[in-house]
Structure formats: C-alpha cells, structure tokens
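The values are calculated or read from the model by the stated rules, or taken from the named source; none is laboratory data. Predicted model only: the values in this text are computed from it and were never measured. Here the Cβ positions follow ideal geometry from the backbone for every residue, glycine too, while neighbour counts run over all protein chains shown.
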Amino acid sequence: MDCPALPDGFDFTDPDLYQRRVPLPEFARLRRTAPVWWNAQPHGLAGFGDDGYWVVTRHADVREVSTRPEDFSSARNTSVIRFHPGITPQAIDAQKLMMLNMDPPEHTRVRQIVQRGFTPRAVRALETALRERARAIVAAARERGSGNFVTDIACELPLQAIAELIGIPQHDRAKIFDWSNRMIAYDDPELAVTEETGALAAMELISYAMDLAGARAARPARDIVSRLVAAEDEGSLGSDEFGFFVLMLAVAGNETTRNAISHGMHAFLTHPGQWELYRRERPATAAEEIVRWATPVVSFQRTATHDVQLGDVTVREGQRVGLFYASANHDPEVFDRPGEFDITRDPNFHLGFGGGGPHFCLGKSLAVLEIDLVFRAIADAVPNIRAAGEPRRLRSAWLNGIKELQVVYEP
Ligand code: HEM
C-alpha cells in the first residue's frame, strides 16, 4: 500500500537505515496520515514474515494491541531471536519455550513462576551490591582516562545484575559473560563472531543453565534458581524452560540496558544543561526519560489471531503487526515537547518497556535501578566526562544500539 507521506519503498525494518538514524520524521508522518500502515517490504528480521507487516505508530494503538493477547498473539509465527543470524529452524522452534513467545494461559503460568525472582524486594536486595559494582566500573574507566564508554561502562553492569539476580556462581561468570557477548555481538571484529560461533554460544549458555537447574532441583540452595526450578506446590520451571529463560534474560536484560546507558550518556553529552541539572539534583525521573529518549527496543511484533479492526484498517488473520515503541514514545498526543530530552518529565507514560499487557517488561525495576546507579556513579567520579567523537550505531532494525562512544573521563 503506497503512502503519499513516505518515499516509495520506504522500509521501517531496514537495518541500514537504523545504522544511520531512527526514522522519527517518518514515524511522525505516519502517526498523522496513516497510523496503521502496511509495510510491504520483505526483510531479514524474522517474525515479521516475508510478506510485509502492519506498522503501528500511535501510542494508543500500541497499547491497545499489547493489551489484547487474545486478538494479537505472541506465540503465533514468532521467532524473536532470529536477529541472531546463526539460529537453526530447530532453535527457532525451541524458542517457543521462551515466555516472550507465549500466550496466556501458558504465559501466565511461567510469568507467575519467574515473577518471584523480580519482586521489588528481590530487586532492592541487589541494590548495595550493584552500587558497589557501578562505582568500581566507573573507577576503572577513570583510571584509563579515556576510551569507549560502551565497553568501558555500559556493558558490564547489566550482565552483573542478571548474574546477581539469578545467582550465577562467581567462578562461572566470566564464561557466561563471554557467551552472552558472543550471542549479541553481531559484526564485532574483535570477538570474531560468525553465525556458527554465535549460535554455539547460545547453545552453551542454555546447556549451562540447564545443568545449573538440574543441580539445584536435586539439591536446592538459597538462590533464585532453586526457587524457580524446585518450588513445590506453586509449580516450577522444567530445566529446559529454565535454560531458555536464562537465554532470554541474557538477551532481554543485557543489550537493552546497555543501550539505554549508552544512549543516556550520549543524550547528556549533547544536552549539557541536562547533565548540569542531573549533577546538581539527581532527579529520580531521569532513568525513565533516558529509556523514553533511547527506546532501546525499537519494536516488537504480534500476529492477528482473526480478522481485527485496528483504527481504520482491518488486520487479517495471520498478518503481523509491528508495535513501534520508538514512534509511540514521540507521540505528541501523549508527550508534551516529545523531541526534548527532559530528565524531569513527569508523568512519563513511555512505552520503552512495552505497551502494557501480559508481556510488559519483567526487568523494568532492575533496569531503572541500574541506569540510576550508573549515572550516579559517573556524576560522582567523572562529572566532567566529555565526548571525543561521534557515536557509532548498531546495525539493527530491532534494537536502537550504540556500539562505540569515545569519551574522556574527566574528574
Ligand atoms: C520484555 C524492554 C531490561 C527482562 C520486554 C519488552 C520490552 C522490554 C519492550 C516487551 C514488552 C511487550 O512485548 O509487551 C526493555 C528495556 C530494558 C529492559 C528497554 C532496559 C532499559 C530488562 C531487564 C530484564 C528484562 C534488565 C531482566 C533481567 C524482560 C523479560 C521480558 C521483557 C523476561 C519478557 C516478559 C514476558 O514475555 O512476559 N522488555 N527491557 N528486561 N523484558 Fe525487558
């Protein structure tokens, strides 16, 4: 379907486009003229299908689709982690074991189990350990004097947080981090990741987690793994389910938070007034605005379970619907001055963690805590941090990422 507001053949999931920029002006045109628009271009991001998909751009519509799992399924046709190029058809099938790809009532069962590990209390219990980690990471960067902010600072805390949360033993963390980084490395020349080594890393991570689950099921300890796999009357995860849960956390909780931190730093560097304000007042609203501004997950998708009316269009059974959080987070119907980075924005009903409904981000409070702790540590130890070049963006239509941001760490 042509759209007069867009150039012919414009493709909202072209990774080359996102390597340059997020198409915010094009989203704005669609929100005004064709808020549910058929993107006819086939593309590489599986799960969206080869025959096009609906681009949903308005905040209200993204929320509506997210909260109607009976009409818009996460289980049908889904293969979220196909962005990993080496994934085999069997592995795609196995991803049905991940909660992101489930519908109620299956999803409800798994979510109720894993939620135990993500209660506000469980997250608060990590705060002291993570604050220490954040300070140590920033102190090490300061020692170096300058470097790539992404690898020096943004990468490590999210991994440490997941490892702390699920209780990965200290001596196993190095290999967990290595597998996680390989899985999400895309074209990183330093890690020499190929399709095969990336897929292998995912498989190794799953089998490690399955072994850990087996060991804890046999001999429960006082950690989250034991609570998830060895719970008695409330139900528990099988060791294969646990394996995929850990894989999902390594992807869902890792690169997302890393990119939020990197984009947050870039936003502060390009908005010095906001950094001044942050240094002075540390407003508690800053982390949420960073997530709105960054929108690390550009979009997720659903599949219509029957013909459904959405705004002015009829979405046919089996058609895919892309929920463009990046667009919803700039919708002027909801946000005053959406193009402004304002760390005091309140209220801030952004959809960076999803549009509500059953799949709303499980790790939201952990992510907000991490972002908060990192910027506090930076403001304390290297308050005069400055940019030393333009950022290099990730080539991905799914994640809004930064691969490199050279900075000077000035106290
Ligand atoms: C789901 C974003 C951090 C675990 C999601 C969804 C989004 C998202 C957009 C999908 C919501 C939907 O489909 O409706 C983010 C962002 C993060 C972040 C932007 C960082 C800034 C984390 C962390 C963890 C995590 C730290 C865990 C350690 C999950 C899980 C799901 C999820 C398990 C699937 C929930 C389900 O299917 O029920 N996240 N996330 N996320 N996220 Fe996050």
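Those strands (runs of 3 or more DSSP E) of region 277-345 in which 3 or more residues are out of contact with any Ser or Thr (no Cβ under 6 Å at 6 or more places or on another chain) occupy 299-304, 308-310, 313-315. Taken together, the residues in region 383-411 that are away from the ligand (no atom under 16 Å from the Cβ) and of a type in the set (A, V, I, L, M, F, W, C) amount to 6.
Inside region 5-70, counting only helices (runs of 4 or more DSSP H) that do not spill past its ends, which hold 1 or more residues that are modelled with pLDDT of 95 or more? In region 5-70, the matching helices (runs of 4 or more DSSP H) lie at 24-33, 59-66.
Which one is nearest to the chain's Cα centre (by Cα), of the residues in region 226-251 that are among the aliphatic types (A, V, I, L, M) and away from the ligand (no atom under 14 Å from the Cβ)?
At the first step, the residues of region 226-251 found to be among the aliphatic types (A, V, I, L, M) are 228-231, 237, 246-251.
Cutting the leftovers down to away from the ligand (no atom under 14 Å from the Cβ) gives us 229-231.
Numbers: Val229: 25, Ala230: 28, Ala231: 28 Å.
The residue in question is Val229.
The residues in region 323-346 that are within 10 Å of the ligand (Cβ to nearest atom) and charged (D, E, K, R) can be counted, and the count is 0. Among the residues of region 252-273, are any within 14 Å of the ligand (Cβ to nearest atom), in contact with a Pro (Cβ under 7 Å, 6 or more places away or on another chain), not in a helix (DSSP H, G or I) and not aromatic (Phe, Trp, Tyr)? Yes: region 252-273 contains one or more residues that are within 14 Å of the ligand (Cβ to nearest atom), in contact with a Pro (Cβ under 7 Å, 6 or more places away or on another chain), not in a helix (DSSP H, G or I) and not aromatic (Phe, Trp, Tyr). Under 30 Å from Ala75 (Cβ atoms), assigned to a loop (DSSP other than H, G, I, E, B) and touching a residue at least 24 places away in the same chain (Cβ under 8 Å): does that describe Ser396? Taking the combined requirement at face value, the residue satisfies it. Here Phe149 clears all of (1) more than 14 Å from the ligand (Cβ to nearest atom); (2) at pLDDT below 95; (3) aromatic (Phe, Trp, Tyr) except the condition numbered (2).
The requirement of being surrounded by fewer than 22 Cβ atoms within 10 Å (Cβ to Cβ) and either among the charged types (D, E, K, R) or touching a Leu at 6+ places or on another chain (Cβ under 6 Å) (or both) is satisfied by Glu276. Taking the conditions exactly as written (more than 16 Å from the ligand (Cβ to nearest atom), farther than 30 Å from Glu156 by Cβ and surrounded by 17 or more Cβ atoms within 10 Å (Cβ to Cβ)), does Val315 satisfy them or not? Here the answer is yes, as Val315 does meet what is asked.
Identify the residue in region 232-273 that is β-branched (Val, Ile, Thr) and buried (at least 19 other Cβ atoms within 10 Å of the Cβ) and, among all such residues, is farthest from Leu351 (Cα to Cα). Steps first, please.
If we filter region 232-273 for residues that are β-branched (Val, Ile, Thr), which is where we start, we get 246, 251, 256-257, 261, 270.
Then drop every residue that is not buried (at least 19 other Cβ atoms within 10 Å of the Cβ), which leaves 246, 251, 256-257, 261.
Values: Val246: 24, Val251: 19, Thr256: 14, Thr257: 15, Ile261: 17 Å.
My answer is Val246.
Taking the criterion of being in a helix (DSSP H, G or I) and within 10 Å of the ligand (Cβ to nearest atom), the residues of region 92-140 that qualify are Met99, Leu100, Asn101, His107, Thr108, Val110, Arg111, Val114, Gln115, Gly117, Phe118, Val123. Among the criteria (1) at pLDDT 75 or above; (2) hydrophobic (A, V, I, L, M, F, W, C); (3) farther than 20 Å from Val313 by Cα, the one Ile87 does not fulfil is (1).
Conditions (1) of a type in the set (Gly, Ala, Ser); (2) within 16 Å of the ligand (Cβ to nearest atom); (3) crowded, with 22+ Cβ neighbours inside 10 Å, marked per residue:
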{"site": "Val308", "(1), (2), (3)": "no, no, no"}
{"site": "Asn348", "(1), (2), (3)": "no, yes, no"}
{"site": "Gly352", "(1), (2), (3)": "yes, yes, yes"}
{"site": "Ser365", "(1), (2), (3)": "yes, yes, no"}
{"site": "Ala381", "(1), (2), (3)": "yes, no, no"}
